[in-house]
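Values quoted throughout were computed directly from the atomic coordinates according to the rules given, and no laboratory measurement underlies them. Computed from a prediction, not measured in an experiment: that's the story for all the values here. Glycine also receives a Cβ, built like all others from the backbone with ideal geometry; neighbour counts cover every protein chain displayed.
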Amino acid sequence: MSKNYGDLCFNADGFAQVFPEHKYLIVECLRELGYKTGMTGDGVNDAPALKRADVGIAVQGATDAARAAADIILTQPGLSTIVFGIIIARCVFMRIRNFIVYRVSATLQLLVFFFIAVFVFKPTSYLHPDTEVWPAFFHMPVLLLMLITVLNDGTLIAIGYDKVTPAKTPMKWNLKVIFLLATVLGGVACISSLIILHWSLDSHNPNGVYQAIGLGGITYGQVTTTIYLKVSVSDFLTLFSSRTGGDWFWSARPANILLGAAATAISSSVIISLSLPDAAIDNIPTIGLARAKPAYLPIIILIYCVVWWFIQDAAKVITYSWMTKNNIFGVNDTGMAVRSHDDKGGNASLTKPLLSDAH
């Protein structure tokens with residue numbers, strides 16, 4: 001059908017004086033061209049097209065045949081409910097996308113960071129006080145890891161209540177784009193965590209960064225708590241970069257519940273990092289940053305996290321701009337109806353923006 005009538009159905013803005021078989025033909029042509037189609041109707045003559053469409057919508061007062069063939073039945077007059085439903089669906093889609101980007105990026109940061117830290121960084125190879133025994137490889141207490149994941153899940157739930165702006169065009173899943181953005185976010189956060197781990201382990205080196213900025217050498221317990229605070233705060237800040245797609249994190253204001261969840265998680269992580277006892281949890285030295293000098297170490301860590309947050313967001317924006325400019329993974333194809341065909345022996349190409357999900 002699309003071969004014979006595709007051009008007509010694609011280009012026409014409307015049809016009049018059509019029979020039931022014509023309505024069915026229009027819907028079938030558009031479906032064969034690969035479009036998701038919606039059909040509204042109220043009479044018996046609309047039933048075949050309502051049944052064939054991806055989404056059949058029977059309006060108020062429709063006949064029993066139309067209601068039986070439809071997927072959705074409107075109970076009030078007017079078609080504005082359809083537009084409202086499309087907007088709600090696109091908002092839900094955006095929240096699910098943001099959820100996936102954040103979940104993937106946070107998971108990548110944690111897994112890749114600890115994998116590299118365990119196998120690459122050897123605390124005993126760094127300068128450290130002779131009065132303190134440092135472990136042969138870096139690892140963190142299970143309790144601290146569990147606290148990171150629990151607080152992370154709390155902020156993750158809040159995404160379902162976040163404010164989002166619905167797209168102007170139909171949306172479809174582009175997993176390659178989603179995973180690339182998530183990889184960039186998680187990769188930058190991971191790199192920043194590895195850098196501060198190296199600086200912390202190297203704090204007793206006279207030529208190290210800590211010595212250069214006046215922090216001096218720190219104990220291994222402070223190293224453990226420093227990494228806990230850095231990884232957890234970076235994880236929560238990544239949430240705000242994940243929710244805006246290819247735009248800057250400040251381009252859309254988050255919902256109050258999301259701000260509250262993130263603020264609670266960050267505050268909890270800071271309090272925990274300050275008040276941890278001087279102990280060996282899972283035989284790993286830990287100490288609250290407020291219990292040892294320098295007292296301003298937690299402030300330096302938080303500033304470090306914020307600086308890398310801006311770098312992380314900039315990397316995301318640059319990556320998305322590059323993808324958009326070169327149409328990497330078909331990122332520009334979303335929401336556009338594009339079809340190439342032969343027209344009486346000649347080649348023609350049609351490009352038409354889809355202003356709604358219904359055709």
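Just tell me which aspartates and glutamates come within less than 14 Å, Cα to Cα, of residue 122; anything on the same chain fewer than 8 places away is out.
202
In whole Hz and in residue order, list the ³J(HN,Hα) couplings for segment 134-140 that follow from phi through the Karplus curve 6.51 cos²θ - 1.76 cosθ + 1.60, θ = phi - 60°; x for Gly and Pro.
Per-residue couplings from phi come out as 9, x, 6, 9, 7, 7, 10 Hz.
Would you calculate the separation in nanometres between label points at residue 87 and residue 274, each defined as 7 Å from the Cα along the Cα-to-beta-carbon direction?
4.3 nm
With no other cysteine's Cβ closer than 4.7 Å, which Cys residues of the chain count as lacking a disulfide-compatible partner?
91, 190, 305
Report the gain in length on full extension from residue 157 to residue 103: 0.36 nm times residue separation, minus Cα-Cα distance, nm rounded to one decimal.
Taking 0.36 nm per residue and subtracting the Cα distance, the gain is 18.4 nm.
Rounded to a whole number of µm²/s, how large is the Stokes-Einstein D of the chain at 37 °C and 0.692 mPa s, given Rh as the Kirkwood radius over C-alpha pairs? All intermediate terms of the calculation are to be shown ahead of the outcome.
Details: Rh = 24.2 Å.
So the translational diffusion coefficient is about 136 µm²/s.
Could you give the dipole magnitude of the chain about its Cα centre, charging the beta-carbon of Lys and Arg +1 and that of Asp and Glu -1, in debye to the nearest 20? Let's see the in-between values first.
Working: 26 positive and 24 negative charges, 64 e Å.
Dipole about the Cα centre, nearest 20: 300 debye.
Radius of gyration and Dmax for segment 2-82's Cα atoms, expressed in Å?
12.5, 38
Would you mind checking the pairs 230/293; 36/168; 176/230; 172/325; 176/316 and listing those with alpha carbons more than 26 angstrom apart?
Where the Cα-Cα span goes over 26 Å, the pairs concerned are 176/230.
Quote the relative contact order of the chain in percent (integer), defining contacts as alpha-carbon pairs under 8 Å separated by 6+ residues.
After rounding, I find 17 percent.
Explain nothing, just compute: Karplus ³J(HN,Hα) = 6.51 cos²θ - 1.76 cosθ + 1.60, θ = phi - 60°, for every residue of segment 270-279 in order, whole Hz, x for Gly and Pro.
Each residue's phi maps through the Karplus curve to give 5, 4, 4, 5, 7, 10, 4, x, 7, 8 Hz.
In degrees from 0 to 90, rounded to the nearest 10, what is the angle of the helix 297-326 Cα long axis to the longest principal axis of the chain?
For 297-326 against the chain, the angle is about 30 degrees.
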